[in-house]
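Heads up: the structure comes next, in structure tokens.
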Amino acid sequence: MTLKPVYLVEGRRSPQAKAGMDLKDVQAPFLINYLIRHIVDKTAIPNDVIDDVIIGCVGNPVKYPNIGRVIALEAGLHKKTPGATINRNCAAGMAAMAEAHIRIGSGRDNLIFAGGVESMSNMPLMFNKKMTNLFANLFKAKTPVQKLSVLAKFRPDFLVPIIAIQKALIDPFANVNMGMTAEILAREFGITRKEQDEYANYSHHKAAIATKEGRFKDEILPIIYGKNLDRILDKDIGPRGDSSVEGLAKMRPFFDKKAGTVTIGNACPVTDGGSCWLMASEEAVKKYNLEPMARVVDWHFHGLEPERMGMGPLLAMDGVFKRSGMKVDDMDVFEINEAFAAQLLGVLRGMTDKKVADFFGVDTLWGEIPKENLNPNGGGIALGHPVGSTGSRIVVTLAHELKKRKAKYGMASLCVGGGQGGAMIIENLCK
Amino acid sequence: MTYNKILFEVKGEIAYLGFGHNNEKSMTVLDSESLKDLDGIVSELKKSVKAKKVAGVILHTLKNGCFLAGADINMIASLKTEDEAATGAAGGQRIFSDLEDLQVPKIACVDGVCLGGGFELVLACDKILASDSNKTMFALPEVKLGLIPGFGGTYRLPQKIGIPNAMDMILTGKNVRAKKAKRMGLVSEIYAKEMLLEMALRHLKSKEKKKSLGKSLSHFAMDNFVTRKIIFQKVREAVLKKTKGFYQAPLTIIDVMESGISKSRKNYLPREAAAFGELCISDQSQNLQHIFFLMEGTKKIKGSAKAGNLDRGAVLGAGTMGGGIAWLMADNGMSPILKDINLEALELGLKQSGIVFKKAVKKRQMSNDDFERKQRSISPCLNYDDFKNTDLVIEAIVENMELKKKVFAELEKYVRDDTVITSNTSSLSVAEMSSAMEKPERFAGLHFFNPVNMMPLVEIITHEKTSQEVVASLHKWAVRVKKTPIIVKDGPGFLVNRVLMPFLNESAYLLEEGLSIKDLDRAVLNFGMPMGPCRLLDEVGFDIGLHASNVLHEGLGERMKPCSFLSRLVDQEFLGKKNGRGFYLYDEKGKQSGINEELASKLPSKTIKMDEVDIQKRLILPMINEAANILHDGIVESAALVDVGVIFGLGFPPFRGGLLRYADYEGLDRILECIENLASGVSAVRYEPSPYLKNLVEKKKKFYD
């Protein structure tokens, strides 16, 4: 089925802050609703013409069972605007964009807000199974004697909480921590600690310079925060201009504590943030005089062994190159999320090393990505990785970078917990 | 018999009284016709009950959002003598007592507002059921009009909810919503409004539960001689403190309630009716009723049919005023855009707004979720990118004509052609600002008073080219955001500041002549103003006052020349409360503590003593004189608008009915004579009698004729 052109009209993101920092008290809907309001204002489209709001979110907050709809309402869109939440783990934001692409490309819809959000600061602690059972029995008990006998079964270990974020970072199928999946890649492909630390350090410096030079100014929309909601944050909290390879080398391996190479320093931090695109059909672009930033060329999601999930981008990019008939040389910029330095270096190796490519069943060696075209403003290690958002955040960053470079094509790709990769190619339309 | 105002039906031995029958207006009031209907219905019911044809009575409303909004104020205003008023009250009391005495259960189903006489009516029922609508509320606002509830409310309410709660409601006139009314024991149960009548039938059948032990105990604690004595004493003290003794109605209410608390209904009610008669024709009540009508008047203007909806707002400049206006817009669902030149400035604006919201959260008038939503509905920004959807832009940047002109010229490039653009200037010429614009017809002044959340007045300032549609839209918008708008023509100081400035200027002259800060402020406070001129200058800022004064001087001539004493203070960096160098010292919370001796030492060493009345004359007469000039220049259309301006913009004492009503009351010939005396005794320039005033005196007319 051929799809009609689908435009990326306006894309914005919130500043990203390490969990527990400046944005810790901002509930997830408010990390993104204001982006939509801004885009509606800037494009001057009426608030009642949006066909859907599709939002990627992984740790969907208990208070907002369908955060997509909540965001639509909190953004001031007309109450008739529907909203959905979508979850493809780390690629949730990209999955939202992919769905919007199909919906608009097929001619069903004209205007969709697609994006992602995650407040990792607000992931809850939960009661464990034993305690939950005790509560359930307590509700069932009718007489005081029954109630007492239920309560008598209480043991202190009932109070050991389940930390949602910890659970979320362990693969339920392979039962390995995300960090361990990076360790596996490092071990199998001989990616050294030094290589990882150097890469992480480079990411921090690029991000710090980009922040200092105001390269994120167009993509970040300042956000209100603080206890009294009277502060405004306009930059990422995470990039460190004073990072050094020596400093990173001092950090202890976190996941494989004895023989590992993956540290907190060469991995991305858990983060709060949101990102969003207004996507539109040709018809809508004409009707509302929109000036799209970019166009979706194609995208691809691909699965692999959960314990090697970090290689996902290799497979996803392979897929989207084949779908679009394009190659590395056609791309002016790559935004590949950095979940772990080891993981990203593994992907790059897979593009040039036949042994690695063969291991993952990739039959094409796509070749080297020029250094200056890969994550030119730093990546997840410095900027953070608000899981639900990153899939759309990297497309936002990519589109703005293409615009600045007056370049044409760009690739956004990321690895996905659970063993997947996602990749999307876009074409810059800003002259 | 048929009734025109009340829908009277008997269905299955239940009598239904539906209010709002044949009423086209949104609010139903108890006018003389509906009271007559009620009287007829109650006498009919008496017979039916005796004949066992009616076993229960249900009162309800046919209107959405209104049960009964009280007695018709036009009816009250038409009462001419004490006797007539007292008899009127007694008549109502008798009907309500007859209703109360019917030997069947009576239930009131209240949905919407239930105020004054309407509230007193439902108190005569056995039970009140309320709807869960947020429009449902109970209040006895009579005190705000200088009256006592005259239909038995002061007798029945304490019986229902106890003396302390009843006193609180009666003396403040405040609204009590359904939930709180239930907690107080005023309302038996709350239901969805659609279920009220069905549930009322159930209540008619069920027996009244006995009072709980706790309730009986608290009742016992309140209902003995000693505690009652203490309660009334405390209440009286509190009222005196709050009203500074200026208002007589609250004190009369306390007297009536205290003297009659243990009396029977028959013995109590005549005293209430008599007090109503006495208060109703008092000057104070007449003045307060006058203000009520003034306020009602501001809600309507000519050409209102042309008014458009201003839904989306934007504010330029995030200072004290800008932040306050952003709060107002956010609170009223306008999701304002707040623009300034850097993040620090924007944060100040957010802080302004946040403080007001947080106070409401603290007082539980607002939930935390609503705070989050409303405060976050403000979009802080540094450019005009997002202004295309705005309907109303209010500029609140620094008072600099050239800068403002530049801003408006730029702004016009980014907004729609029909976006209304306004300036919150307090002193600059609106006409001149508009000269820089491509479409001056969409431009007007919109002058708010500080602090925006507290001050009800807003001056809509028009210039020659302002279109009727724009004026009508701004007026409609101001009413929607619960402000009191007055339409004022462009001119130095517009209305309020032009009246205020001679008062402040004259204060400075008095200080220069050797009057003490204390004597000056006390005289003004004793006139009934909310604060003395020194305190007011502290709040306004000396520099701001001087600036406004200079603008008026430039525009209106020598009579407005600022007293040199004020400019000397500004030169010495005395700016008022904001830099901690004003007439008074303030603690951390901004509360006034004592005189600032550093400033006091700048006052002349030779001191003078003046009679309080003479001080008041020196200050109030120039205001009256300037108000006459304002009418002469056609800045506002009527004396009524001047009075709305001074009451809601300056806090001119409401019990005096307004500046010009006060002047009328004192007699304009006397006023003119005093002004002429001051012209010869103090300053011929500053006290030059207004030709408008002279003309009125000549023709033996009043401001309000």
Q. Looking only at other chains, what is the average number of their beta-carbon atoms within 10 angstrom of each beta-carbon in B:353-362?
A. 2
Q) So which lysines pass the test for residue A:355, namely a Cα distance under 21 Å, with those fewer than 8 places away in the same chain ruled out? A) A:322, A:327
**Q.** Theoretical FRET efficiency, 1/(1+(r/R0)^6), r = Cβ-Cβ of residue B:464 and residue B:168, R0 56 Å, to 0.05
**A.** 0.65
Q | Spin-label model distance (nm) - residue B:398 vs residue B:699, 7 Å beyond Cα toward Cβ | A | 4.7 nm
Q: Only Lys, Arg, Asp and Glu count, each charged at its Cβ (+1, +1, -1, -1), so figure out the dipole size of the stretch B:1-95 about its Cα centre, rounded to 20 debye.
A: 500 debye
Q: Return the sequence-ordered ³J(HN,Hα) values of the stretch B:311-317 in whole Hz as given by the Karplus equation 6.51 cos²θ - 1.76 cosθ + 1.60 applied to θ = phi - 60°, using x for Gly and Pro.
A: 9, 10, x, 8, 10, 9, x
Q. Once label points are set 7 Å from the Cα along Cα→Cβ at both residue B:592 and residue B:683, what is their separation, rounded to one decimal in nm?
A. 2.3 nm
Q. To the nearest 20 debye, what is the magnitude of the charge dipole of the protein assembly as shown about its Cα centre, counting +1 on the Cβ of each Lys and Arg and -1 on the Cβ of each Asp and Glu?
A. 4240 debye
Q: Towards the positive end of the charge dipole of the stretch B:6-281, with charges on Cβ (+1 Lys, Arg; -1 Asp, Glu), say which of B:145, B:190, B:66 has the farthest Cα.
A: B:190
Q: Report the semi-axes of the equivalent ellipsoid for the stretch B:294-446 in whole Å, largest first, where each axis is √(5λ) for an eigenvalue λ of the Cα gyration tensor.
A: 26, 20, 14
Q. Can you list the lysines whose alpha carbon sits under 18 Å from that of residue A:404, skipping same-chain ones fewer than 8 residues off?
A. A:206, A:212, A:217, A:371, A:431
Q | Listed residues A:390, A:244, A:292: farthest to the positive end of the dipole of chain A (Cβ charges) | A | A:390
Q | Cα-based convex hull volume of the stretch B:6-281 per residue, rounded to whole Å³ | A | 125 Å³
Q) Ranked from highest to lowest mean number of other Cβ atoms within 10 Å per residue, what is the order of the peptides B:194-200, B:245-251? A) B:245-251, B:194-200
Q: Within 10 Å of each Cβ in peptide A:6-17, how many partner chain Cβ atoms are there on average? Round it to a whole number, please.
A: 0
Q. What are the residues whose amide H is under 5 Å from the amide H of residue B:446, where those residues sit 5 or more places off or on another chain and H is modelled from the backbone?
A. B:423, B:424, B:425, B:461
**Q.** Calculated FRET efficiency for the pair residue B:439/residue B:531, C-beta based, R₀ 51 Å, to 0.05
**A.** 0.80
Q: Please list, in chain and number order, the residues 5+ apart from residue B:584 or on another chain whose amide H is under 5 Å from its amide H, with Hs placed from the backbone.
A: B:596
Q | Qualifying trypsin sites (Lys or Arg not before Pro) in the stretch A:58-145, DSSP loop, other Cβ atoms within 10 Å at most 10 | A | A:79, A:80, A:142
Q: May I ask for the Rg/Rh ratio of chain A, computed from Cα atoms with Rh as the Kirkwood radius, given to two decimals?
A: 1.00
Q: Please check which bits of the stretch B:562-587 a label hung off residue B:600 would reach, taking the label as a point 7 Å along Cα-to-C-beta and the cut-off as backbone N under 12 Å.
A: B:583-585
Q. Tell me, how many Å apart are the Cα centres for the stretch B:638-705 and for the stretch A:239-304?
A. 72 Å
(Q) I need the trypsin sites (Lys or Arg not before Pro) found in the stretch B:478-561, filtered to DSSP loop residues with at most 15 other beta carbons within 10 Å of theirs. (A) B:482
Q) Regarding the protein assembly as shown, what are the three Cα extents along the principal axes, ordered largest first, in Å? A) 108, 82, 56
Q: Select from B:204, A:325, A:205 the residue farthest towards the positive end of the dipole of the protein assembly as shown; place +1 on Cβ of Lys and Arg, -1 on Cβ of Asp and Glu, and compute about the Cα centre.
A: B:204
Q) Antiparallel DSSP bridges in the stretch B:6-281: what percent, to the nearest 5? A) 25 percent
Q) Once amide H atoms are built 1.01 Å from N in the peptide plane, which residues 5 or more positions from residue A:177, or in another chain, come under 5 Å H to H? A) A:171
Q | Of A:403/B:413; B:299/B:351; B:144/B:701; B:518/B:602; A:129/A:167, pairs whose Cα-Cα distance is over 21 Å | A | A:403/B:413; B:299/B:351; B:144/B:701
Q. Can you work out ³J(HN,Hα) from phi for every residue in the stretch B:616-621, in order, using Karplus 6.51 cos²θ - 1.76 cosθ + 1.60 and θ = phi - 60°, giving whole Hz and x for Gly and Pro?
A. 4, 4, 4, 9, 7, 4
Q) Which FRET efficiency, nearest 0.05, do residue A:155 and residue A:252 yield, Cβ-Cβ r, R0 45 Å? A) 0.85
**Q.** Hull shadow area, averaged, the stretch A:242-335 [alpha-carbon convex hull, nm²]
**A.** 10.5 nm²
Q. Treating the beta-carbon of each Lys and Arg as +1 and of each Asp and Glu as -1, no other charges, what is the dipole magnitude of the stretch B:6-281 about its Cα centre, to the nearest 20 debye?
A. 1260 debye
Q. Over the stretch A:155-253, with a single point scatterer placed on each C-alpha, what log10 of the ratio I(q)/I(0) does the Debye formula yield at q = 0.17, 0.22, 0.23 1/Å?
A. -1.03, -1.08, -1.10
Q. Which links in A:24/A:227; B:174/B:263; B:127/B:363; B:339/B:591; B:11/B:160; B:241/B:362 stretch past 22 Å when you go from one Cα to the other?
A. B:174/B:263; B:127/B:363; B:339/B:591; B:11/B:160; B:241/B:362
Q: Report the GluC sites (Glu not before Pro) located in the stretch B:519-604 that are in a DSSP loop and have at most 16 other Cβ atoms inside 10 Å of their Cβ, or state none.
A: B:573, B:588
(Q) Whole-Hz ³J(HN,Hα) for each residue in the stretch B:404-420, computed from phi via Karplus 6.51 cos²θ - 1.76 cosθ + 1.60 with θ = phi - 60°, x for glycine and proline: what do you get? (A) 4, 4, 4, 4, 5, 4, 6, 4, 4, 6, 9, 9, 5, 5, 9, 5, 7
Q: Take every residue in peptide A:218-229, count the Cβ atoms of other chains within 10 Å of its Cβ, and give the average of those counts.
A: 4
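Values in this text are rule-based calculations from the coordinates and carry no lab data. Computed from a predicted structure; not experimentally measured. All Cβ positions, even for glycine, are placed from backbone atoms using ideal geometry, and neighbour counts span all protein chains on display.
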